[in-house]
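Since the structure comes first, as structure tokens, the remarks are kept for the end.
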Amino acid sequence: MPDLTPLRKLSAKLGKNLDLVQAGGGNTSLKADDTLWVKASGKWLARAMHEEMFLPVRQADILRCMEGDEEYVEEYTTSSGETLRPSVETSMHAVLPHRVVVHVHSVRAIAWAIRTDMPAALSDRLAGLRWEWIPYIHPGLVLGKKIRERLSSKPDVLILGNHGLVVAAGDCDSAEALLEEVERRLECPVRAPQPADLDGLAEVVPAGYRIAPDAEVHALALDSFSVDVAARGTFYPDQCVYVGPAVAILDGTRSFVAKFGVLPKVLLAPGKGVLVADDLNRAGREVLISLKRVIERLDPAIAVRALEAADVSRLINWEAEKYRIALASRYENPER
Ligand SMILES: [Zn+2]
């Protein structure tokens with residue numbers, strides 16, 4: 001068995017950085033001999049030093065499943081007796097030839113990856129790196145296959161449209177250095193928020209909701225550009241998985257329910273702040289923070305693309321995601 005300590009240390013470090021990883025999102029892997037050690041689905045990278053979460057998957061088995069167009073859904077029992085499945089993105093990790101692969105939901109990358117002027121918009125910033133643009137495609141097997149089609153340029157960096165970022169390298173230190181370099185190049189000015197009106201917000205809280213406990217997310221409701229973008233729908237997979245298909249505007253709950261068939265988990269009170277459903281869990285709170293950090297980096301002059309309704313319903317009804325959500329509830333209060 002290879003020494004997984006460097007992978008676990010790197011994973012825990014990335015997992016504690018909300019700009020890169022929220023809740024059980026993101027995944028890392030290391031290849032040794034014929035085995036891919038890949039993060040288990042639903043596990044929080046932040047806990048990588050405390051929990052067993054890397055599963056030994058035979059590389060050949062994953063590639064054979066891909067040939068047959070099947071998701072790899074084998075279950076593994078850890079030495080502590082927990083039954084786990086490999087990450088839904090296992091095929092992505094398997095097709096990349098690098099020894100170490102890191103996939104994160106970087107808010108800096110997503111703020112670019114939802115723009116309609118991609119990939120041209122990044123050609124200057126990423127010049128000199130070997131990178132590829134992968135337009136949005138459903139996560140899992142189909143994403144892995146799409147990535148495999150784009151490997152002829154030997155990319156070390158993938159910008160995943162409406163999804164996130166992948167970096168790959170020969171060892172953990174190189175992967176971390178590459179991630180830092182890409183993050184540095186993707187940084188954009190952050191729009192300063194207007195002040196929240198918490199007294200006004202307290203007067204409009206409907207039953208079943210509360211004032212958002214993470215103060216920074218109020219920025220989503222405090223200028224008309226942020227409200228317009230946030231209310232448009234889902235911009236990346238974990239958003240609809242953990243926060244619902246869109247955020248709603250206060251007083252728009254009825255039309256939201258008519259459109260989506262569920263109650264909103266997040267209500268924007270324009271000019272005042274943000275309300276969240278009483279049952280919005282830790283994972284939802286972290287993903288909502290990421291949405292705020294994406295939107296504050298957008299340039300109002302550049303159009304952005306939300307996911308299509310069909311993409312969103314495919315994500316919400318995806319069996320693999322239901323499994324991941326069920327596991328997320330086991331980790332309500334991990335230390336970060
Ligand atoms: Zn992802």
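Residue pairs whose Cβ atoms lie under 8 Å apart, sitting 6 or more positions apart in sequence or on different chains, and linking a residue in segment 23-52 that is free of Cβ contacts under 8 Å to residues at least 60 places away in the same chain and in a helix (DSSP H, G or I) to a partner that is basic (Lys, Arg) and within 14 Å of the ligand (Cβ to nearest atom), are Leu45/Lys39. Determine, yes or no, whether Met92 is hydrophobic (A, V, I, L, M, F, W, C) and more than 16 Å from the ligand (Cβ to nearest atom). No: the conditions fail for Met92. The set of residues from segment 205-239 being free of Cβ contacts under 8 Å to residues at least 60 places away in the same chain, in a helix (DSSP H, G or I), more than 16 Å from the ligand (Cβ to nearest atom) and not small (Gly, Ala, Ser) comprises His218, Val227, Asp228. Is it the case, given these coordinates, that Glu82 is modelled with pLDDT under 95 and farther than 25 Å from Ser153 by Cα? So Glu82 fits the description; yes. The single condition from (1) of a type in the set (D, E, K, R); (2) surrounded by 14 or more Cβ atoms within 10 Å (Cβ to Cβ); (3) under 23 Å from Val294 (Cβ atoms) that Glu180 fails is (2). All conditions in (1) in contact (Cβ under 8 Å) with a residue 60 or more places away in the chain; (2) away from the ligand (no atom under 15 Å from the Cβ); (3) under 21 Å from the mean Cα position of the chain (by Cα) hold for Pro119, with the sole exception of (1). Annotation: of all residues in segment 13-22 being within 21 Å of Asp173 (Cα to Cα) and in a loop (DSSP other than H, G, I, E, B), the one that is nearest to the ligand (Cβ to nearest atom) is Val21.
Condition check ((1) at pLDDT below 95; (2) crowded, with 18+ Cβ neighbours inside 10 Å; (3) in contact with a strand residue (DSSP E or B) (Cβ under 9 Å, 6 or more places away or on another chain)) across all residues:
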position	(1), (2), (3)
Phe235	no, yes, yes
Thr253	yes, no, yes
Ala258	yes, no, no
Gly261	yes, no, no
Leu298	no, yes, yes
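The values are calculated or read from the model by the stated rules, or taken from the named source; none is laboratory data. None of the values given here were measured: they were computed from a predicted structure. We place every Cβ from the backbone using ideal geometry, glycine too, and count neighbours over all the protein chains shown.
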